[in-house]
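**Student:** Handing you this structure, nothing more for now.
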Amino acid sequence: MRPGDRTGARIRRRRLDRGIKQADLARACDISPSYLNLIEHDRRRIGGKLLADLAEVLDVSPERLRTGADPEEIAGLRAAAADTPRADVELDRVEDFAARFPGWAGLVAEQARRVASLERTVEIMGDRMTHDPQLAASLHNILSTVTAIRSTSAILAGDDPVEPGWQTRFHRNLYEDSQRLAEATEALVGDLDADAGAEAGATPLDQVEEWFDTAAELAALEPGGAGAAALFSRAEADLPSAPARALARREIARAAADAKALPAASLRREIGRSVPDPLHLADRFGVPLAAVFRRLAALGDIGAGLVVCDGSGTLTRRRPIPGFPVPRFGAACPVWPLYAALLQIGRPVSASLLTAGQGGARFRAWAIAETAHPGGYGGVAVTEATMLVSPVAGGDGDAAADLVVGSSCRVCPAESCAARRELSILGAGL
């Protein structure tokens, strides 16, 4: 039965919910009760002015009576149920609930989205509070200043008299320390309130990643684009620190080599708008697997993310995607295939992933670790692991084979993980 074929049932249900008698509704719409009875039992089609009149009396939109619940609203309710699993949630009646109580349905869906957003904020702030050296230094400065103010105040408020000369000094110290405290606090609050884009300038890596996200580097490096030299010049002008500019030059050079080996036009013709088997693409174009990962992530519109680390496991490149957060500070999840690849240099690693916590999303990840010898024989071997991450539709694949992963132990609720290094600040039951 098509959605419109149940319009009468929805009119009847809305009338009963509003406590309106059939005869009263029929009278208000200038039709007979018998005709309204046929409509409510879906024995007469309805539309146009009569549907609008019924909707006005029932205080609901005509579209709501005609089509029932909004598909996006139903999807939001299903997501809310998935985020807080309970055996007694009547998922088979979610459309009925949304149609009968659209206001409550919208509120439940919006609260679920708000909870998910707040949990993500807690993850980010907890990760930063633990690992960001700049934030730690700011907090230490504030605490030191507060301690100095407290000590000076204790002397001035004590029972022993203070000589006028020392009293003047202490007052000056109080003023200077209070001014420094106000400035440090204002700077800290401004830093914490900054959005993710502005906040990304804390380290050279953050600066480069933010710049790359806005520099449209892919188009510039494609045939007919501005070229690597133009990007070098832009990086020199845009990036505020010498380490960031040096890092950008290295990344631009590598991106240019990748673009030459894997032109975007050729790559798009091969893959369409999804992520195929990267090994096939590596064989097809005769390029290293890591280059395929970088190019697929750089395309942007196929929704693939990228994470790169060096031989120590430190993240050196991040391109996160929705549902798969990548920590800005500290160590990442040790269960990621990225780190499994470091133990199998040159061997491709692939796994199906499920993010821990409420509303866990599923992803497919591919990783490879490679070793280079830029110093030649006798030089230092440089190892780098690269991981490509792509979302997986909820019903695809074998969920039992998923690896449960987080962004980092500090904000991961998977208590039973054998690789856990520290307790999560999120607590149990999430």
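**Student:** Considering only region 363-382, state which residues are surrounded by 11 or more Cβ atoms within 10 Å (Cβ to Cβ) and of a type in the set (Ser, Thr, Tyr).
**Tutor:** 371
**Student:** Filter region 331-365 for residues that are in contact with a helix residue (DSSP H, G or I) (Cβ under 9 Å, 6 or more places away or on another chain) and of a type in the set (D, E, K, R); which is modelled with the highest pLDDT?
**Tutor:** My answer is 347.
**Student:** Does residue 278 meet the test of being within 28 Å of the chain's Cα centre (by Cα), modelled with pLDDT of 85 or more, within 20 Å of residue 319 (Cα to Cα) and assigned by TED's automatic domain parsing to the domain that holds residue 310?
**Tutor:** yes
**Student:** Sticking with this one: Among the residues of region 46-55, is any loosely packed, with under 13 Cβ neighbours inside 10 Å and over 24 Å from residue 97 (Cα atoms)?
**Tutor:** Looking for residues that are loosely packed, with under 13 Cβ neighbours inside 10 Å and over 24 Å from residue 97 (Cα atoms), one finds at least one in region 46-55, hence yes.
**Student:** Sticking with this structure for a sec: Considering only region 93-110, I want to know if a residue exists there that is at pLDDT below 70, under 29 Å from residue 406 (Cα atoms) and among the charged types (D, E, K, R).
**Tutor:** For region 93-110, residues at pLDDT below 70, under 29 Å from residue 406 (Cα atoms) and among the charged types (D, E, K, R): absent.
**Student:** Looking at (1) surrounded by 15 or more Cβ atoms within 10 Å (Cβ to Cβ); (2) β-branched (Val, Ile, Thr); (3) out of contact with any Pro (no Cβ under 6 Å at 6 or more places or on another chain), which is the only condition residue 292 fails?
**Tutor:** Status for residue 292: all satisfied but (3).
**Student:** Check whether at least one residue in region 315-323 is more than 21 Å from residue 258 (Cβ to Cβ) and either surrounded by 21 or more Cβ atoms within 10 Å (Cβ to Cβ) or over 20 Å from the mean Cα position of the chain (by Cα) (or both), and report yes or no.
**Tutor:** There is no residue in region 315-323 that is more than 21 Å from residue 258 (Cβ to Cβ) and either surrounded by 21 or more Cβ atoms within 10 Å (Cβ to Cβ) or over 20 Å from the mean Cα position of the chain (by Cα) (or both).
**Student:** Hey, another quick one. If we keep just the residues of region 3-27 that are assigned to a helix (DSSP H, G or I) and hydrophobic (A, V, I, L, M, F, W, C), which is modelled with the lowest pLDDT?
**Tutor:** Out of the qualifying residues, it is 9.
The values are calculated or read from the model by the stated rules, or taken from the named source; none is laboratory data. Nothing here was measured: the structure is a model prediction, and the numbers come from that model. Cβ atoms come from the backbone with ideal geometry, glycine included; neighbour counts cover every protein chain shown.
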